[in-house]
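Nothing in this text is a laboratory measurement; each read-out follows from the coordinates by a stated rule. As the structure is a computational prediction, the values presented were derived from the model and not from experiment. Ideal geometry is used to build each Cβ from the backbone, glycine not excepted, and the neighbour counts take in all protein chains shown.
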DNA sequence: AATTTGTTACGACTATTGACGAAAAAAGGA
DNA sequence: TCCTTTTTTCGTCAATAGTCGTAACAAATT
């Protein structure tokens, strides 16, 4: 567990340090840990208005002591709750064969479906009113060869409101079936590199309220555009 | 490469944020990237004495803007050198089955052999004057089943002056042979949980100037002690 | 030994952080 | 709708960060 904790601490630290809006990133993580500002403030020994000031980006360049205290407090609170949140990421961090994941990223603000559609230069087969909080790009061929339905869970980033992007797809049925069997609930599934979409894939997306998008951007450009968001 | 860059940025950020001596951590990484204070200062658009002040921990809680500028500058410099340093970590980050690694950590200051010996409560079979800059704890049984000689290289952390700790060892010969075949050069090899050490293992350690240590601490206690350093 | 390169120590000063509390606003529940 | 809880806004101030330049020190090279 210590290794998982270290990796997650690094991840949060890095995200805050490199964020245009460090306070917003802190707020995102506090919400992921399901901690109120009050509880966090109490744990850190400061006033709740301090938390609010930081999260609203009143401080443009918070010192690392503050960042460390926030993260440490969040982890201590989660520990007192039996590692409720951290345990969700344990298997993600330790068991994924990262060759399957081409790229993965969390956005600091959710994207509306239409905005996301524009980013990936995609055509919508099934629309959704759900938002996109991040994405995972998956090499479908490698995933099929190495992953079972359970392992799809590990492909998730840190929120479920995200886009799963399957590359090297022929009809799109296998990815959608896997998503359904594993009971995953991404906001959007993007199918990349196929000519005709299997109608079963479309039906699954409709039944599960998952946006379905196809795109033929080159993978490199797709990554550039997805990373260029925000 | 972008994924590798992100993970490494997170790693450095996390290490600085959680370090008792953030300046020392920054210095460590600047040296790993083989960048002079002058070059870094020029890249950041500040005076070299600024770098020196930070690295000597004159600033107890540097703001994240500064941290970000340091890391960004180091990466840009490395990029201009053809990713000379970052490429060393590419395969480490993307290809390791992390189930094999029980724990791994970098120390912000090198430990002398005697000090390290005390930490692991070990008995020295072969001594060395080399220092220990970090450690990797490896599950030997899993490593044997899944790794070939080349993959041992991936088990390294960020410096070669480190300790490789093999757990669940029967005689110690296989780990030492693997270390030799892969031409690895750890400072110290720790063999854990064996009753008698194979004399070939001892000979290899002597020939390669690798300290050889045995310990019978429980794994949990071993990890606690190793993590408790500093 | 002299020179060059790299680094350190420190005084100084402006800008910003870190933190508080009070009042207002927003959110959630009965 | 009312009440409670949570969060936000903002003025304020002491402490510290961010940065400079200078002199000194240390290491490497000629």
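Dividing the convex hull volume of the alpha carbon atoms of region A:1-68 by its residue count gives 88 Å³ per residue.
Counting only other chain Cβ atoms within 10 Å of each residue's Cβ, the peptide A:55-66 averages 4.
Ordering of B:101-107, A:46-52 by packing is B:101-107, A:46-52, highest average first (other Cβ atoms within 10 Å, averaged per residue). Given R₀ = 45 Å, FRET efficiency for residue B:121-residue A:218 by Cβ-Cβ distance, to 0.05? My answer for the efficiency is 0.20. The mean number of partner chain beta-carbon atoms within 10 angstrom of a residue's beta-carbon across peptide A:106-113 is 0. With contacts taken as Cα pairs under 8 Å at a separation of at least 6 residues, region B:2-89 carries a relative contact order of 31 percent. Between residue B:58 and residue A:81, the modelled labels are 4.3 nm apart [label points 7 Å from Cα along Cα→Cβ]. Summary for residue A:45: label point 7 Å along Cα→Cβ; distances to the equivalent points in the other copies, ascending, 3.8 nm.
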